[in-house]
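The values are calculated or read from the model by the stated rules, or taken from the named source; none is laboratory data. Everything numeric in this text was worked out from a predicted model, so none of it was measured. Heads up, the Cβs are rebuilt from the backbone with ideal geometry, glycines too, and the neighbour counts pull from every protein chain shown. All accessible areas refer to the heavy atoms of the entire protein, side chains included, with ligands and DNA or RNA removed. Shrake-Rupley method; radii C 1.70, N 1.55, O 1.52, S 1.80 Å.
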Amino acid sequence: PLIDPFCGSGTIVIEAGLLASGKAPGSDRSFDFESFSNFDAELWGRIREQARAREKSSGARLVGSDRDGGVIAQASANVDRAGVDVELGQASVSESPCWQVPGRGALCTNPPWGRRVSSAKDLRPLLQRLAGLCAEHLRGWQLALAVADPKLAAACGLPGEPWCSTDHGGTKIALTSGTIPDDDVS
């Protein structure tokens, strides 16, 4: 399973669904190169059919939630357009259906990182709550986060090491990954 308790418009869970089903990127859209004078429509048709033949039902459990009902409605429309199977729910992070997914899997999310929050200090309680929920419900799961301040995330108890940084809409963010500790593993 893959869960995202801050799913917003559903990008992460939708992309996970597309990857899991083997759906080729852009398979449902046209490309500018199709208007080139040397474009081979027959060859392109065969390539598309081969790609579609590799698609499969993934069976992956994908769960996303967000506290904002408007973005969940948008996520639902995006999920439908993408043709993937994703469970969505409107809930605060504490009440997210993500915490009820059994087994082990991955939590991959882009939690709020301060652009609309006045300071990193205001993010501390949210990140601490996320860390507590992970420790309570997701021991042994993989964790991937997009955060503006990986040191703050670590100080709040979220495991993971930065492995990539990028500029996202004018804000520097880091992608971190790690494993939520499992006290039952020796």
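Tell me yes or no: at least one residue of segment 112-122 is modelled with pLDDT under 90, more than 22 Å from Ala60 (Cα to Cα) and under 17 Å from the mean Cα position of the chain (by Cα).
Step one: of segment 112-122, the residues modelled with pLDDT under 90 are 112-122.
Those left that are additionally more than 22 Å from Ala60 (Cα to Cα): 112-122.
Adding the requirement that they be under 17 Å from the mean Cα position of the chain (by Cα) leaves 112-113.
Within segment 112-122, one or more residues are modelled with pLDDT under 90, more than 22 Å from Ala60 (Cα to Cα) and under 17 Å from the mean Cα position of the chain (by Cα).
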Which numbered condition trips up Ala60, out of (1) in contact with a strand residue (DSSP E or B) (Cβ under 9 Å, 6 or more places away or on another chain); (2) of a type outside the set (Lys, Arg); (3) in a loop (DSSP other than H, G, I, E, B); (4) over 27 Å from Gly132 (Cβ atoms)? (4)
Subset of segment 128-153 (residues that are in contact with a Gly (Cβ under 8 Å, 6 or more places away or on another chain), modelled with pLDDT of 90 or more, open to solvent by 50 Å² or more (accessible area, probe 1.4 Å) and over 19 Å from Gly103 (Cα atoms)): Gln128
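Would you check if Ile47 is part of a helix (DSSP H, G or I), β-branched (Val, Ile, Thr) and surrounded by fewer than 16 Cβ atoms within 10 Å (Cβ to Cβ)?
Details: part of a helix (DSSP H, G or I): yes; β-branched (Val, Ile, Thr): yes; surrounded by fewer than 16 Cβ atoms within 10 Å (Cβ to Cβ): yes.
For Ile47, the condition - part of a helix (DSSP H, G or I), β-branched (Val, Ile, Thr) and surrounded by fewer than 16 Cβ atoms within 10 Å (Cβ to Cβ) - is met.
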Scan segment 116-127 and give yes if some residue there is open to solvent by 30 Å² or more (accessible area, probe 1.4 Å), polar (S, T, N, Q) and either in a helix (DSSP H, G or I) or free of Cβ contacts under 8 Å to residues at least 24 places away in the same chain (or both), otherwise no. yes
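Is it the case that segment 19-41 has a residue that's aliphatic (A, V, I, L, M), open to solvent by 60 Å² or more (accessible area, probe 1.4 Å) and closer than 30 Å to Ser96 by Cβ? Break it down into steps so the answer makes sense when it comes.
Going through segment 19-41, the residues aliphatic (A, V, I, L, M) turn out to be 19-20, 24, 41.
Now restrict to residues that are open to solvent by 60 Å² or more (accessible area, probe 1.4 Å): 19, 41.
In the following step, the residues that additionally are closer than 30 Å to Ser96 by Cβ were identified as 19.
Yes, segment 19-41 has at least one match.
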Scanning segment 160-177 for residues that are at positive phi and open to solvent by less than 50 Å² (accessible area, probe 1.4 Å) gives Gly160
